[in-house]
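*Asks:* Below are the structure tokens for one structure; questions will follow.
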Amino acid sequence: MDNVLIIDDEQSLLDLLSVVFKKEGYGVRTALSAAKAFEVLDKEDVGIVVTDIKMPETDGMEVLRRVRAKHADLPVIMVTAYGSVSQAVEALKAGALDYVVKPFDVEELKIIVRRGLAERQLREENLRLKRDLRERYGFENMIGKSRAMQEIYLLIEKVAGTDSTVLITGESGTGKEMAARAIHFQSGRRDNQFVSINCAALPENLLESELFGHARGSFTGAVADKKGMFEVAQKGTLFLDEVAEMSPWTQVKLLRALQERTVRRVGGTEEIPVDVRIIAATNQDIKRRIQEGKFREDLFYRLNVISFEMPPLRKRTEDIPLLVTHFLQKYCDRLGKKSKRFTPEVIGLLEAYGWPGNIRELENVVERIVAIEDRETVTAGCLPKDIISPQKAKRETQYFFEPGFNLTVYLDDVAKNYVSQALAATAGSIQKAAPLLGISYRTMRYLIGKYGLNRVRKNGAKAESDEGDEHEKEPKNVTERQ
């Protein structure tokens with residue numbers, strides 16, 4: 001219930017207005033003097049003040065000045081006698097909401113009080129909304145303690161203090177828009193609008209109209225002038241998501257807007273000045289698109305004043321437990337479910353998964369689990385198969401080798417087997433067998449000796465070595481070796 005504080009040195013007027021406003025559903029506080037009014041203001045929550053200007057000791061103008069000094073958002077209505085209107089005008093200049101002249105119309109006063117309370121409520125809601133947005137999108141509320149995210153936080157803090165254009169790159173789902181909002185809400189533009197538009201979601205003609213607005217009659221259906229996003233974001237921030245998907249014509253208009261700091265509506269002739277900070281984002285390799293002729297190089301340099309890349313989730317796996325806790329709380333509250341807990345095995349599976357969809361994919365997984373799982377403890381069986389399967393295959397390969405396995409012995413056995421087969425295939429000829437294995441004559445002789453192999457001569461006899469072999473000599477030049 002809103003409280004109305006009425007200040008007047010006439011008790012009869014206080015009694016009358018008390019009855020009037022109590023019937024309207026307001027709480028009423030009265031004061032016969034400014035001193036008493038100040039006591040009420042210090043102790044109670046008051047929604048609006050109605051005060052007479054002419055009072056002994058401390059007049060209504062002094063009341064107004066003190067209220068404005070200590071309670072800047074508290075509306076004050078001045079009551080003045082006929083002939084003192086000039087003083088009432090002075091009160092308006094000093095910050096009074098409005099004034100009424102005695103003898104006043106009670107209905108008129110009720111309307112002014114109603115309007116004053118509504119305006120104050122609207123201001124409070126706007127301030128609360130801005131505070132909530134600031135808390136939600138302040139960089140300190142971006143989830144992550146990894147070194148990669150710590151670097152992002154530091155960069156956002158530095159960038160927010162400037163008015164420079166920013167280009168954010170990174171894979172889909174890494175939080176590029178959240179980073180853009182964090183920059184805005186940490187900047188000097190925080191009290192003005194953050195406007196976001198997805199350049200890939202609209203066809204060329206509609207995107208142009210959305211960005212720059214259109215004039216009445218510029219095309220079928222344009223029945224009135226319309227502001228574009230540049231104008232809507234005046235004094236604030238315009239976020240161009242997926243900027244690399246813009247058509248060449250829209251790129252030209254965007255480049256001109258950035259250079260001239262003006263926009264021209266579709267079908268219009270007037271140049272409209274704009275004061276907007278631009279933050280752009282893309283998941284494309286924008287330099288490659290420039291090479292392919294799909295993105296203007298001069299526009300890239302306009303956007304790429306300050307740039308940074310949002311890290312993919314697979315490169316900041318230490319943040320996954322924090323993100324899981326955050327999303328669990330979020331969706332348990334939203335869906336009215338009891339709190340849940342992921343087992344260490346589940347966290348291990350999540351950390352091992354590649355997350356091609358990044359944070360957005362992780363959030364979807366957690367939301368799905370909260371929505372369909374009734375159990376309090378979430379086990380591996382609750383996870384999608386594509387998260388479990390890669391880890392299962394990984395576990396199977398870890399136990400491929402039996403205990404006591406020796407890689408050196410295994411490789412020697414393989415080499416010995418291949419040398420024996422090569423000798424058998426060439427009737428014991430080192431010169432012919434060596435090329436079959438892709439090794440030199442000398443290496444072949446070394447391996448025969450190392451593995452204690454007997455080779456079969458062409459005449460069918462066996463020898464432990466080929467020393468003095470009349471039938472085969474080591475090639476002496478490149479031609480012979482080949």
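*Asks:* Can you give me the number of residues within the range 419-446 that are loosely packed, with under 15 Cβ neighbours inside 10 Å and within 60 Å of the chain's Cα centre (by Cα)?
*Replies:* 1
*Asks:* Please return the ranges of strands (runs of 3 or more DSSP E) entirely within the range 173-291 where 1 or more residues are of a type in the set (Ser, Thr, Tyr) and open to solvent by less than 40 Å² (accessible area, probe 1.4 Å). It would help to see each step written out before you state the result.
*Replies:* Values: elements: 194-198, 237-241, 277-282.
Qualifying strands (runs of 3 or more DSSP E): 237-241, 277-282.
*Asks:* Mind counting the residues in the range 60-89 that are more than 18 Å from residue 8 (Cβ to Cβ) and of a type in the set (Ser, Thr, Tyr)?
*Replies:* Result for the range 60-89: 1.
*Asks:* Another question, if that's okay. What number of residues in the range 366-403 are at pLDDT below 85, open to solvent by 80 Å² or more (accessible area, probe 1.4 Å) and not β-branched (Val, Ile, Thr)?
*Replies:* In the first step, residues of the range 366-403 are kept if they are at pLDDT below 85; the result is 388-403.
Okay, now just the ones that are also open to solvent by 80 Å² or more (accessible area, probe 1.4 Å), so 392, 394-403.
Those still in the list that are not β-branched (Val, Ile, Thr) too: 392, 394-396, 398-403.
Of the residues in the range 366-403, 10 are at pLDDT below 85, open to solvent by 80 Å² or more (accessible area, probe 1.4 Å) and not β-branched (Val, Ile, Thr).
*Asks:* Please indicate, with yes or no, whether at least one residue in the range 116-131 is surrounded by fewer than 14 Cβ atoms within 10 Å (Cβ to Cβ), at pLDDT 85 or above and over 20 Å from residue 240 (Cβ atoms).
*Replies:* Within the range 116-131 (the criterion being surrounded by fewer than 14 Cβ atoms within 10 Å (Cβ to Cβ), at pLDDT 85 or above and over 20 Å from residue 240 (Cβ atoms)), the answer is yes, since at least one residue qualifies.
*Asks:* Only residues that are open to solvent by 70 Å² or more (accessible area, probe 1.4 Å) and in contact (Cβ under 8 Å) with a residue 40 or more places away in the chain: list them for the range 148-172, please.
*Replies:* If the condition is that a residue be open to solvent by 70 Å² or more (accessible area, probe 1.4 Å) and in contact (Cβ under 8 Å) with a residue 40 or more places away in the chain, then 163 is the only one that fits.
*Asks:* Which helices (runs of 4 or more DSSP H) does the range 1-101 wholly contain that include 3 or more residues that are in contact with a Lys or Arg (Cβ under 8 Å, 6 or more places away or on another chain) and open to solvent by less than 60 Å² (accessible area, probe 1.4 Å)?
*Replies:* On the way: elements: 11-23, 34-43, 60-70, 85-93.
In the range 1-101, 34-43 are the helices (runs of 4 or more DSSP H) which contain 3 or more residues that are in contact with a Lys or Arg (Cβ under 8 Å, 6 or more places away or on another chain) and open to solvent by less than 60 Å² (accessible area, probe 1.4 Å).
*Asks:* Against the condition at pLDDT 55 or above and in a helix (DSSP H, G or I), how does residue 447 come out, does it pass? Explain how you work it out, then say what you get.
*Replies:* Values: at pLDDT 55 or above: yes; in a helix (DSSP H, G or I): yes.
Taking the combined requirement at face value, the residue satisfies it.
*Asks:* Something else: Could you tell me which of the residues 44, 39 is within 51 Å of the chain's Cα centre (by Cα) and modelled with pLDDT under 90?
*Replies:* Values: 39 fails: modelled with pLDDT under 90.
44 is the lone residue from the list that is within 51 Å of the chain's Cα centre (by Cα) and modelled with pLDDT under 90.
The values are calculated or read from the model by the stated rules, or taken from the named source; none is laboratory data. Predicted model, so just to flag it, every value in this text is computed and none were measured. Please note: Cβ atoms are built from the backbone with ideal geometry, for glycine as well, and neighbour counts cover all protein chains shown. Surface areas here come from the heavy atoms of the whole protein model, side chains and all, with no ligands, DNA or RNA. Shrake-Rupley method; radii C 1.70, N 1.55, O 1.52, S 1.80 Å.
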